[in-house]
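Worksheet: the structure to be examined is printed underneath.
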Amino acid sequence: MNRYFKKTLMASAALLGLAMASNAMAQEDIKVGVILGFTGPIESLTPDMAASAELAMKEASDSGLLLGGATVTPIRADSTCVDAAAATAGAERLITSDNVVAIVGADCSGVTTAIAESVAIPNGVVMVSPSATSPALTTITDNGYFFRTAPSDARGGEVLAQIVMDHGITNVAVTYTNNDYGKGLADSFSAAFVNMGGTVAATAAHEDGKADYSAEVAALAASGADHLAVFGYVDQGGKGIIQTSLDTGAFQGFILGDGMIGQSLIDNLGDGINGTIGNVPGSDSEGSKTFDVLARDGGIEGDGPYRAESYDAGALIMLAIQAGGSADRASIQANIMNVANAPGEPIGPGELAKALQILADGGDVDYVGATNVELTEVGETTGSYKELIIEDGAFKTLSIR
């Protein structure tokens, strides 16, 4: 071998090594955003939601199979749940400064819409929301970049109306937090309830952040309804409405939308809300049970809503990266529907390594996950719901609908 050829070969090998090292470094730092309301009206729920999404990312990283050994770094931002300006600023940072390839979130419907329309979609970044349920999100112009693992309130309201009727309650008053989520769920519930023969005696919006809800409760109680349906937030106005109702004896019982489901409500209001009914997305499937064990093993102790949906949101992003063989933003968008739906090997929670290997080998997967994921043509799930009742200081599941 002549000296020139040997030098050339050594130089080429060195360049190849540098390229491989550079590629490995890039693979080792895939950043995924997690934007949820770490402050604000559902702040007691979001720590477990974030941890659940990040559990899926860790599972993929620890497998050593994601893009041949890549790892994932979750980057958090605060949606606040209610402040669109703060939420979009947080998302802008994730996308432009932190260079995330996709986002789990947001959570509440109003800020989710703002982030999607103002930041994520214009920048070609996928969002997978685990909890934004407004029916209006079904029809946003998203160019295929918005997905959600929680079902729309268009169905949730109908399910809750049937639950209320099945409990023999036929006359209710309705209050809702004055935003897209609250109004959308109130409208869906009320229309379905009236169609089933029920009476909505009064409907009134409430604002979050007030110290005194006595005027709102008095007006609702004047309708003569015995039960109050509350479509608000567990750590904000919805809680205040119920507390004032308890203090004044305005209503005999309460009906809760999903934004009111959380242990903090029981901890704050005590035995006075025993017998309260409501619903929240969820199931008792094998996938759901497996996720509960997986979550506990991962240090997630709570049992609040949208944990499973958050895990599934993170998992879908991981599998879309592998299916496209790239952490490129457009590639993720192009592959989410492929990994979420049939055909393919059904994949449950805790089976991401199996799925990543199948995809690496050129096969197909059908991610069923913790919540029986199956995405419609607009990228949202129809889902199932838990019928809940508060008994002995805890939410108990009566049925799956």
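The values are calculated or read from the model by the stated rules, or taken from the named source; none is laboratory data. Just so it is clear, the structure is predicted and the values come from calculations on it, not from any experiment. Cβ coordinates were reconstructed from backbone atoms using ideal geometry, including for glycine residues, and neighbour counts include every protein chain displayed.
Looking at region 339-348, is at least one residue over 16 Å from the mean Cα position of the chain (by Cα), under 16 Å from GLU59 (Cβ atoms) and assigned to a helix (DSSP H, G or I)? Yes, that holds for at least one residue. Per the listing VAL230, VAL234, VAL217, VAL293, the residue uniquely in the same structural domain as LYS58 (by TED's automatic domain parsing) and among the hydrophobic types (A, V, I, L, M, F, W, C) is VAL293. On the given criteria, is LEU294 farther than 30 Å from LEU220 by Cβ and at pLDDT 95 or above? Taking the combined requirement at face value, the residue satisfies it.
Of all residues in region 190-218, those that are on the phi > 0 side of the Ramachandran plot have Cβ atoms under 8 Å from Cβ atoms of residues that are part of a loop (DSSP other than H, G, I, E, B), 6 or more apart or on another chain, in GLY197/THR170; GLY209/GLN236.
Screening THR138 on (1) in contact (Cβ under 8 Å) with a residue 40 or more places away in the chain; (2) out of contact with any Leu (no Cβ under 8 Å at 6 or more places or on another chain); (3) surrounded by 21 or more Cβ atoms within 10 Å (Cβ to Cβ) shows it passes everything except condition (3). Can you tell me which residue within region 369-401, out of those that are among the aliphatic types (A, V, I, L, M) and surrounded by 21 or more Cβ atoms within 10 Å (Cβ to Cβ), is nearest to GLU286 (Cα to Cα)? Among those that are among the aliphatic types (A, V, I, L, M) and surrounded by 21 or more Cβ atoms within 10 Å (Cβ to Cβ), it is ALA370. Taking the condition acidic (Asp, Glu), buried (at least 24 other Cβ atoms within 10 Å of the Cβ) and modelled with pLDDT of 95 or more, does ASP153 pass? The answer is yes for ASP153. Out of LEU398, LEU356, one residue alone is on the phi < 0 side of the Ramachandran plot and either outside any helix (DSSP H, G or I) or in the same structural domain as LEU45 (by TED's automatic domain parsing) (or both). It is LEU398. In region 266-276 there is no residue matching the filter, namely being in a helix (DSSP H, G or I), under 23 Å from LYS386 (Cα atoms), under 20 Å from the mean Cα position of the chain (by Cα) and of a type outside the set (Phe, Trp, Tyr). Counting only residues that are assigned to a strand (DSSP E or B) and crowded, with 24+ Cβ neighbours inside 10 Å, region 207-259 holds 7 of them.
Can you find a residue that is over 25 Å from GLN236 (Cβ atoms) and among the hydroxyl-bearing types (Ser, Thr, Tyr) anywhere in region 68-76? Within region 68-76 (the criterion being over 25 Å from GLN236 (Cβ atoms) and among the hydroxyl-bearing types (Ser, Thr, Tyr)), the answer is yes, since at least one residue qualifies. Evaluate the following for PRO305: is it buried (at least 20 other Cβ atoms within 10 Å of the Cβ) and not β-branched (Val, Ile, Thr)? Taking the combined requirement at face value, the residue satisfies it. Considered as a group, the residues in region 68-85 that are surrounded by 23 or more Cβ atoms within 10 Å (Cβ to Cβ) and of a type outside the set (S, T, N, Q) include one that is farthest from the chain's Cα centre (by Cα), and that residue is VAL72.
Just one of the numbered conditions (1) within 20 Å of CYS81 (Cβ to Cβ); (2) touching a His at 6+ places or on another chain (Cβ under 8 Å) is not true of ALA173: (1).
Within region 165-177, not a single residue is at pLDDT below 95 and surrounded by fewer than 23 Cβ atoms within 10 Å (Cβ to Cβ). Being under 31 Å from the mean Cα position of the chain (by Cα), at pLDDT 95 or above and part of a loop (DSSP other than H, G, I, E, B) holds for only one residue in SER44, SER52, and it is SER44.
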